[in-house]
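Working notes for the structure below.
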Amino acid sequence: MQLSKIYNEDCLITMANMEDEFVDFVITSPPYDDIRNYNGYNFEFEKITRQLFRVIKKGGVMVWVVADATVDGSETGTSFRQALFFKEIGFRLHDTMIYYKNNPMPQTGNRYHQHFEYMFVLSKGSPKTFNPITEPTKYHGLANMKNRGQNGSLDYEKVERTKEKKIGNVFCYSVGGGISTKDKIAYGHPAIFPEKLVIDQINTWTNEEDLVYDPFMGSGTTAKIAHILNRKWIGSEISEQYIEIANKRLDIYTANMLQFKINPAELFDL
Ligand SMILES: C[S@@+](CC[C@H](N)C(=O)[O-])C[C@H]1O[C@@H](n2cnc3c(N)ncnc32)[C@H](O)[C@@H]1O
């Protein structure tokens, strides 16, 4: 299969051409609950996720970013149903992470503002790569630490706390025009990832040269970031209009890099 390419087709077709255990990592945000109308395309959740399980390598990880619509006064619960289905077909629900939006669209009505989406971290067996993001510790020395045991028990162990510690599993990002990305063209798509979210997840679960796949590529965020981080990548996007945006975005980015001789890593403080 050709890499560094977004296939303009249903992701089921792209994956049908992939051999088993082909990709190291998937990060994606599916078209969920018709919250937005992506040119009328919908997706076959169960078929697609079974294919994703097949094409992900043993030890590979998928980050599935999703939220619920509210229908007839109730959240649909689709996200939870999807998470449980992933377990049924063999994935581990390795972690339920939160994508917290510092500045969500304010909402009227009798609910608090919707600040978050889920980032289900699904793995095929135990993740083969984990490069945790760290932050400085306030206190170091010996401390009691919790450890989630195999049988679900919580074990405590004395651990020497170092000067750096893993951050928590709530990742916070500012979002919106000019913030999620500086690429103006990307905003022709209604639901783009903040680039920083993709940077953090790719860095955590992959190493350089690993192959990253996004079955719902939209404006091309995953492709751009995978390229910057020296990962191989491949994608699918069913809408011709969005694939045009993604390809233009990648072209503009590459042209700027060449013209201004910028090291892409400097753009993101990597
Ligand atoms: C939530 S958006 C993804 C946005 C993307 N994360 C970004 O940063 O721009 C979901 C995308 O899935 C596409 N899509 C819907 N059904 C699809 C299918 N069966 N195969 C491939 N793409 C599909 C939609 O056109 C839409 O662009």
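The values are calculated or read from the model by the stated rules, or taken from the named source; none is laboratory data. Remember, it's a predicted structure, so these values are computed and weren't measured experimentally. In this analysis, Cβ positions are derived from the backbone assuming ideal geometry, glycine residues included, and neighbour counts consider all displayed protein chains.
Mind checking which residues of region 167-183 are within 14 Å of the ligand (Cβ to nearest atom) and either assigned to a helix (DSSP H, G or I) or at positive phi (or both)?
Result: 176, single match.
Output the strands (runs of 3 or more DSSP E) that fall wholly within region 1-110 and possess 2 or more residues being within 10 Å of the ligand (Cβ to nearest atom) and surrounded by 17 or more Cβ atoms within 10 Å (Cβ to Cβ), or say none.
Because the criterion is at least 2 residues that are within 10 Å of the ligand (Cβ to nearest atom) and surrounded by 17 or more Cβ atoms within 10 Å (Cβ to Cβ), the strands (runs of 3 or more DSSP E) in region 1-110 that meet it are 23-28, 56-66.
Which count do you get for residues in region 129-144 that are in contact (Cβ under 8 Å) with a residue 12 or more places away in the chain and over 22 Å from residue 94 (Cβ atoms)? I'd like the intermediate steps shown before the answer.
Going through region 129-144, the residues in contact (Cβ under 8 Å) with a residue 12 or more places away in the chain turn out to be 129-137, 139-144.
Of the ones still in play, those that are also over 22 Å from residue 94 (Cβ atoms) are 136-137, 139-144.
Number satisfying all stated conditions: 8.
Pull out all pairs, ordered by first then second residue, where Cβ-Cβ is under 8 Å, the residues are six or more apart or on different chains, the first lies in region 65-83 and is assigned by TED's automatic domain parsing to the domain that holds residue 99, and the second is surrounded by fewer than 17 Cβ atoms within 10 Å (Cβ to Cβ) and not in a loop (DSSP other than H, G, I, E, B).
That search, which allows pairs on different chains as well, returns 67/116; 68/75; 69/75; 76/70; 82/45; 83/93; 83/96.
Taking residue 90 and the conditions (1) closer than 21 Å to residue 50 by Cβ; (2) at pLDDT below 95, which numbered condition does it fall short on, given that it satisfies the others?
Failed condition: (2).
Which condition does residue 264 not pass, out of (1) within 16 Å of the ligand (Cβ to nearest atom); (2) modelled with pLDDT under 95; (3) buried (at least 17 other Cβ atoms within 10 Å of the Cβ), if it passes all the others?
Only one criterion in (1) within 16 Å of the ligand (Cβ to nearest atom); (2) modelled with pLDDT under 95; (3) buried (at least 17 other Cβ atoms within 10 Å of the Cβ) is unmet by residue 264, namely (1).
Do we find that residue 218 is within 16 Å of residue 250 (Cβ to Cβ), within 14 Å of the ligand (Cβ to nearest atom), in the same structural domain as residue 15 (by TED's automatic domain parsing) and part of a loop (DSSP other than H, G, I, E, B) in this structure?
So residue 218 fits the description; yes.
Working carefully through the options 147, 230, 207, 203, find the one that is in contact (Cβ under 8 Å) with a residue 40 or more places away in the chain, more than 15 Å from the chain's Cα centre (by Cα) and more than 12 Å from the ligand (Cβ to nearest atom).
Exactly one of 147, 230, 207, 203 is in contact (Cβ under 8 Å) with a residue 40 or more places away in the chain, more than 15 Å from the chain's Cα centre (by Cα) and more than 12 Å from the ligand (Cβ to nearest atom), namely 207.
Listed residues 187, 139, 156; which is within 12 Å of the ligand (Cβ to nearest atom) and hydroxyl-bearing (Ser, Thr, Tyr)?
Values: 139 fails: within 12 Å of the ligand (Cβ to nearest atom); 156 fails: within 12 Å of the ligand (Cβ to nearest atom).
Testing whether each residue is within 12 Å of the ligand (Cβ to nearest atom) and hydroxyl-bearing (Ser, Thr, Tyr) leaves just 187.
Got at least one residue in region 93-107 being over 20 Å from residue 172 (Cα atoms) and among the polar types (S, T, N, Q)?
Taking region 93-107 and keeping what is over 20 Å from residue 172 (Cα atoms), we get 93.
Still in the running and among the polar types (S, T, N, Q): none.
Within region 93-107 (the criterion being over 20 Å from residue 172 (Cα atoms) and among the polar types (S, T, N, Q)), the answer is no, since none of the residues qualifies.
Conditions (1) farther than 22 Å from residue 207 by Cβ; (2) of a type in the set (A, V, I, L, M, F, W, C); (3) at pLDDT 95 or above, marked per residue:
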{"site": "45", "(1), (2), (3)": "yes, yes, no"}
{"site": "51", "(1), (2), (3)": "yes, no, yes"}
{"site": "56", "(1), (2), (3)": "no, yes, yes"}
{"site": "85", "(1), (2), (3)": "yes, yes, yes"}
